[in-house]
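The structure appears below as structure tokens.
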Amino acid sequence: MRHGRKTIKLQRRQDHRDALLANLVVSLVEHEQIKTTLAKAKAVRPFAEKMVTLGKRGDLHARRLALGYLHNKEAVSKLFGQIAPASATRVGGYTRITKLGQRHTDSAQMAYIEWVDRVNTETAAAPAADAPAVEAEEKPKKAAPKKKAAAPADGEAAPKPKAKKAAKKTEE
């Protein structure tokens with residue numbers, strides 16, 4: 001019987017599997033969404049959610065535990081500074097797995113794994129980065145093509161453009 005044997009092994013030794021899952025969590029923290037196989041996404045979900053729980057605790061011991069697992073100071077600071085506060089009101093279920101279908105090369109099931117509160121972390125992270133993008137959009141572009149005449153109101157007949165061309169030809 002398989003009672004209590006929940007570990008997804010991913011056909012790897014334990015040290016390789018631990019490194020793989022830690023790297024996937026670091027990538028998820030950095031990019032906030034990653035595309036991977038469905039098996040890896042299901043395997044990384046518990047570890048990512050444990051890291052958010054540590055981030056919500058926010059004390060020094062939790063930060064050291066997260067750093068001991070992830071081995072990446074930038075990822076830990078982003079986890080504790082942006083991702084965990086965005087999920088502060090959520091009790092659990094910080095990640096979402098979206099199935100994508102099969103990969104063409106080997107028919108492996110692919111999936112996106114992302115933070116549920118991803119939109120909140122993007123807006124909180126980059127208000128200064130949005131400002132140059134807005135200025136770039138306000139620059140004048142090429143002359144816009146002429147707009148067509150407004151649609152006629154109910155009951156009115158629409159002018160026929162062919163009649164105008166025919167009138168110009170008769171004048172010549």
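No lab work stands behind these numbers, since they all come straight from the coordinates. Values in this document were obtained by computation on a predicted structure and should not be read as measured data. Quick reminder, even Gly has a Cβ in these numbers, built from the backbone with ideal geometry, and neighbours come from all protein chains shown.
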Around LYS56, what is the net charge, scoring Lys/Arg as +1 and Asp/Glu as -1 over all other residues with Cβ under 15 Å from its Cβ? +2
Taking a 18 Å limit on the Cα-Cα distance, which of the listed pairs LYS6/LYS42; LYS35/LYS56; LYS9/LYS40; LYS35/LYS99 fall beyond it? LYS35/LYS56
What is the calculated FRET efficiency for LYS99 to LEU60, with r their C-beta to C-beta distance and R₀ = 30 Å, to the nearest 0.05? 0.20
For the residue pair ARG13 and SER107, what label-to-label distance in nm results when each label sits 7 Å from Cα along the Cα-to-beta-carbon direction? 3.2 nm
Hey, could you grab the Kirkwood Rh for the stretch 14-117? Inverse mean 1/r over distinct alpha carbon pairs, Å, one decimal. 13.9 Å
Once ARG5 and GLU49 are pulled to full extension, the length gained, defined as 0.36 nm per residue separation minus their Cα-Cα distance, is 13.9 nm
